[in-house]
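Beneath this line is the structure, given in C-alpha coordinates, with notes to follow.
The values are calculated or read from the model by the stated rules, or taken from the named source; none is laboratory data. It should be emphasised that the depicted structure is a prediction, and the values quoted were computed from it without experimental measurement. When we count neighbours, we look across all protein chains shown, and the Cβ atoms used for this are built from the backbone with ideal geometry, even at glycine.
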Amino acid sequence: MPNNGDRTRAHVFVSGNVQGVFYRANTRDTAREKGIDGWVKNLSDGRVEAVFEGPESTVSEMVEWCHSGSPAASVDDVEVEYGDPEGEDGFEVRR
(Lines give C-alpha, C1' and ligand atoms only; values in the text may rest on other atoms or scores of the structure.)
Protein backbone atom coordinates (compact mmCIF):
# COMPACT_ATOMS: atom_id res chain seq x y z
CA MET A 1 0.00 0.00 0.00
CA PRO A 2 1.26 3.50 -0.75
CA ASN A 3 2.16 5.70 2.19
CA ASN A 4 0.14 8.89 2.07
CA GLY A 5 0.08 10.11 5.66
CA ASP A 6 -1.23 6.66 6.61
CA ARG A 7 -4.29 7.27 4.42
CA THR A 8 -5.00 5.03 1.47
CA ARG A 9 -7.60 4.38 -1.23
CA ALA A 10 -9.03 0.99 -2.09
CA HIS A 11 -10.95 0.50 -5.35
CA VAL A 12 -13.02 -2.65 -4.96
CA PHE A 13 -15.08 -4.84 -7.31
CA VAL A 14 -17.33 -7.40 -5.60
CA SER A 15 -18.87 -10.27 -7.56
CA GLY A 16 -21.48 -12.85 -6.62
CA ASN A 17 -25.10 -12.37 -5.58
CA VAL A 18 -24.53 -8.79 -4.45
CA GLN A 19 -27.31 -6.80 -6.13
CA GLY A 20 -30.84 -6.53 -4.76
CA VAL A 21 -29.68 -7.77 -1.33
CA PHE A 22 -29.02 -4.38 0.35
CA TYR A 23 -25.28 -4.72 -0.27
CA ARG A 24 -24.86 -1.04 -1.16
CA ALA A 25 -26.89 0.21 1.81
CA ASN A 26 -24.99 -2.04 4.21
CA THR A 27 -21.68 -0.92 2.69
CA ARG A 28 -22.66 2.74 3.11
CA ASP A 29 -23.76 2.24 6.73
CA THR A 30 -20.63 0.27 7.65
CA ALA A 31 -18.31 2.78 5.96
CA ARG A 32 -19.99 5.69 7.74
CA GLU A 33 -19.73 3.90 11.10
CA LYS A 34 -15.99 3.46 10.49
CA GLY A 35 -15.52 7.04 9.25
CA ILE A 36 -14.53 5.94 5.75
CA ASP A 37 -15.01 8.26 2.75
CA GLY A 38 -15.97 7.06 -0.74
CA TRP A 39 -18.88 5.59 -2.64
CA VAL A 40 -20.55 2.36 -3.76
CA LYS A 41 -22.64 1.51 -6.85
CA ASN A 42 -24.08 -1.37 -8.85
CA LEU A 43 -22.52 -2.23 -12.20
CA SER A 44 -24.46 -3.44 -15.23
CA ASP A 45 -22.55 -6.77 -15.17
CA GLY A 46 -23.96 -7.68 -11.75
CA ARG A 47 -20.95 -6.65 -9.68
CA VAL A 48 -20.76 -3.91 -7.05
CA GLU A 49 -18.00 -1.29 -7.31
CA ALA A 50 -16.80 0.70 -4.32
CA VAL A 51 -14.09 3.15 -3.31
CA PHE A 52 -12.91 3.48 0.29
CA GLU A 53 -10.59 6.22 1.52
CA GLY A 54 -9.23 6.61 5.03
CA PRO A 55 -6.61 5.28 7.44
CA GLU A 56 -4.90 2.15 6.07
CA SER A 57 -6.10 -0.11 8.89
CA THR A 58 -9.72 1.03 8.59
CA VAL A 59 -9.71 0.73 4.79
CA SER A 60 -8.35 -2.80 5.19
CA GLU A 61 -11.24 -3.58 7.58
CA MET A 62 -13.73 -2.37 4.93
CA VAL A 63 -12.11 -4.51 2.24
CA GLU A 64 -12.34 -7.53 4.56
CA TRP A 65 -15.98 -6.65 5.31
CA CYS A 66 -16.71 -6.79 1.56
CA HIS A 67 -15.97 -10.53 1.56
CA SER A 68 -19.18 -11.10 3.54
CA GLY A 69 -21.08 -7.85 3.06
CA SER A 70 -24.80 -7.71 3.74
CA PRO A 71 -26.38 -10.76 5.41
CA ALA A 72 -28.38 -11.64 2.26
CA ALA A 73 -25.38 -11.40 -0.09
CA SER A 74 -23.34 -14.30 -1.42
CA VAL A 75 -19.89 -12.98 -2.35
CA ASP A 76 -17.81 -15.00 -4.83
CA ASP A 77 -14.83 -12.68 -5.27
CA VAL A 78 -13.41 -9.33 -4.17
CA GLU A 79 -10.88 -7.61 -6.44
CA VAL A 80 -9.03 -4.67 -4.88
CA GLU A 81 -6.50 -2.13 -6.10
CA TYR A 82 -4.80 0.21 -3.65
CA GLY A 83 -3.73 3.74 -4.51
CA ASP A 84 -3.38 7.27 -3.24
CA PRO A 85 -6.47 9.02 -1.81
CA GLU A 86 -8.22 11.38 -4.21
CA GLY A 87 -10.06 13.44 -1.60
CA GLU A 88 -13.42 11.68 -1.29
CA ASP A 89 -15.62 13.38 1.32
CA GLY A 90 -18.40 11.44 3.02
CA PHE A 91 -19.79 8.16 1.77
CA GLU A 92 -22.63 7.81 -0.74
CA VAL A 93 -24.53 5.28 -2.78
CA ARG A 94 -24.18 6.20 -6.46
CA ARG A 95 -26.72 5.31 -9.11
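A few comments on the model shown:
- The residues of segment 73-87 that are in contact with a Phe, Trp or Tyr (Cβ under 9 Å, 6 or more places away or on another chain) and without any contact (Cβ under 8 Å) to a residue 60 or more places away in the chain amount to a single one, Ala73.
- Total residues in segment 15-45, condition surrounded by 20 or more Cβ atoms within 10 Å (Cβ to Cβ), in contact with a Phe, Trp or Tyr (Cβ under 6 Å, 6 or more places away or on another chain) and more than 14 Å from Arg94 (Cβ to Cβ): 1
Yes or no, residue by residue, for (1) touching a helix residue (DSSP H, G or I) at 6+ places or on another chain (Cβ under 8 Å); (2) more than 19 Å from Gly16 (Cα to Cα); (3) at pLDDT 95 or above:
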{"site": "Gly38", "(1), (2), (3)": "yes, yes, yes"}
{"site": "Gly46", "(1), (2), (3)": "no, no, yes"}
{"site": "Phe52", "(1), (2), (3)": "yes, yes, yes"}
{"site": "Thr58", "(1), (2), (3)": "yes, yes, yes"}
{"site": "Ser74", "(1), (2), (3)": "no, no, yes"}
{"site": "Glu79", "(1), (2), (3)": "no, no, yes"}
{"site": "Asp89", "(1), (2), (3)": "no, yes, yes"}
{"site": "Glu92", "(1), (2), (3)": "yes, yes, yes"}
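- Among the residues making up segment 59-72, those that are surrounded by 14 or more Cβ atoms within 10 Å (Cβ to Cβ), out of contact with any Phe, Trp or Tyr (no Cβ under 8 Å at 6 or more places or on another chain) and either part of a loop (DSSP other than H, G, I, E, B) or not acidic (Asp, Glu) (or both) are Ser60, Trp65, Cys66.
- Restricted to segment 46-58, and to residues there that are small (Gly, Ala, Ser) and buried (at least 16 other Cβ atoms within 10 Å of the Cβ), the residue that is nearest to Arg94 (Cα to Cα) is Ala50.
- Sole residue being of a type outside the set (Asp, Glu), part of a strand (DSSP E or B), surrounded by 13 or more Cβ atoms within 10 Å (Cβ to Cβ) and over 10 Å from the mean Cα position of the chain (by Cα), chosen from Val12, Val75: Val75
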